[in-house]
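Working notes for the structure below.
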Amino acid sequence: MLGVVNRILLALAGLVLLAGAGAVLTGYRPLEGRHAALLSTARRRHWHSEAWWWWAVAAALALCVLLALWWLLAQLRRSRLAAVVVDTGDGEFALLRGRALEKAVAAEVGALDGVAHCGVALRGRRAAPALRLAVRLEPHAVPADVLASLTGPVLDHARASAGLPELLAEARFQVADHRAQRVS
């Protein structure tokens, strides 16, 4: 969602800059001349007598400020989950650090046969976390075997240790580069 908002804002800013550059390059003046006022005296008197106009202008500016603040806060929000809520079984809850779960899953995936490196990010909400894995495979690895080991024991162990009924995971595989063997 945030990526879509960023692209829309970037496109709007680009259109405004393009229109401004086009107006400057072509010499187009929307007014009667270079020294003409933005609002004529008659137009100023007309808008001054309309009481609703100034409230509408103030509301539009306030809406723009609120949207800009929302966008700024969305940019500063962390994308990783800091902790997961774990039910201890006695009516109490404990917090499992997200980095600890990430490191444990990365170590377990890294120990699988055919895995050169694994990066893990914990995302989602505290009650419904999700894992995003970036797995770099060795050149000799079989992706189906690694995927079966990942979806089987590794994710089951992570679910059990975090006390979660389900743990969604997205894995992206990449094969590590290797040099060609020379025959002499």
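Structure remark: mean-square fluctuation, Gaussian network model of the chain, C-alpha springs under 10 Å; the largest value among 83, 111, 59 belongs to 59.
Could you pull out which residues in the range 144-184 have an amide N less than 20 Å from a spot 7 Å beyond the Cα of residue 99, following the Cα-Cβ vector? Those under the cut-off are 162.
If I compute solvent accessible area with a 1.4 Å probe over the protein chains, what percent of it on the range 58-184 is carbon and sulfur? Don't skip to the answer; put the middle values down first.
Values: 5100 of 8790 Å².
About 58 percent, which is the carbon plus sulfur part of the accessible surface.
Which of rounded, prolate or oblate describes the chain when judged by the alpha-carbon gyration tensor and an a/c cut-off of 1.5? Don't skip to the answer; put the middle values down first.
Details: a/c = 5.96, a/b = 2.01, b/c = 2.97.
Note, shape of the chain comes out oblate.
Solvent-accessible surface of the range 100-164, taken per residue with a 1.4 Å probe and all protein chains present: 49 Å². Structure remark: mean-square fluctuation, Gaussian network model of the chain, C-alpha springs under 10 Å; the largest value among 149, 79, 49 belongs to 49.
Peptides 9-19, 161-171 ordered by packing proxy, namely the average of other Cβ atoms within 10 Å per residue, highest first: 161-171, 9-19. Contact order for the range 84-184, expressed relative to its length and based on alpha carbon pairs under 8 Å spaced 6+ residues apart, stands at 27 percent.
Restricting to DSSP H runs of at least four residues, report the calculated mean residue ellipticity at 222 nm for the chain, -39500 (n - 2.57) per run over all residues, nearest 500 deg cm²/dmol.
On the way: 6 runs with 88 residues, N = 184.
Only helices count here, giving -15500 deg cm²/dmol.
In this simple spin-label approximation, residue 151 and residue 74 carry label points 7 Å from Cα along the Cα→Cβ vector, and these lie 3.3 nm apart.
Evaluate the Kirkwood expression for the hydrodynamic radius of the range 60-141, namely the inverse of the mean inverse distance over all pairs of different C-alpha atoms, and round to one decimal in Å.
Details: mean 1/r = 0.0645 Å⁻¹.
One decimal place: 15.5 Å for the Kirkwood radius.
Counting Lys and Arg as +1 and Asp and Glu as -1, each charge on the Cβ, what is the dipole of the chain about the Cα centre in debye, to the nearest 20?
Values: 21 positive and 14 negative charges, 231 e Å.
The dipole magnitude comes to about 1100 debye.
Relative contact order for the range 62-138: what percent, with Cα pairs under 8 Å and sequence separation of 6 or more?
Details: 95 pairs, mean separation 19.3, N = 77.
The normalised contact order for the range 62-138 reaches 25 percent.
With contacts taken as Cα pairs under 8 Å at a separation of at least 6 residues, the chain carries a relative contact order of 15 percent. Among the trypsin sites (Lys or Arg not before Pro) in the range 40-119, those located in a DSSP loop and surrounded by at most 16 other Cβ atoms within 10 Å of their own Cβ are 77, 78, 80.
Bridges between two residues of the range 72-183, per DSSP, are antiparallel at a rate of about 65%.
The values are calculated or read from the model by the stated rules, or taken from the named source; none is laboratory data. Note that the coordinates shown come from a computational prediction; the quantities given were computed from them, not determined experimentally. Don't worry about glycine lacking a Cβ; one is built from the backbone with ideal geometry, like all the others, and counts go over all protein chains shown. Ligands, DNA and RNA are excluded from the accessible area calculation, which covers all protein heavy atoms including side chains. Shrake-Rupley method; radii C 1.70, N 1.55, O 1.52, S 1.80 Å.
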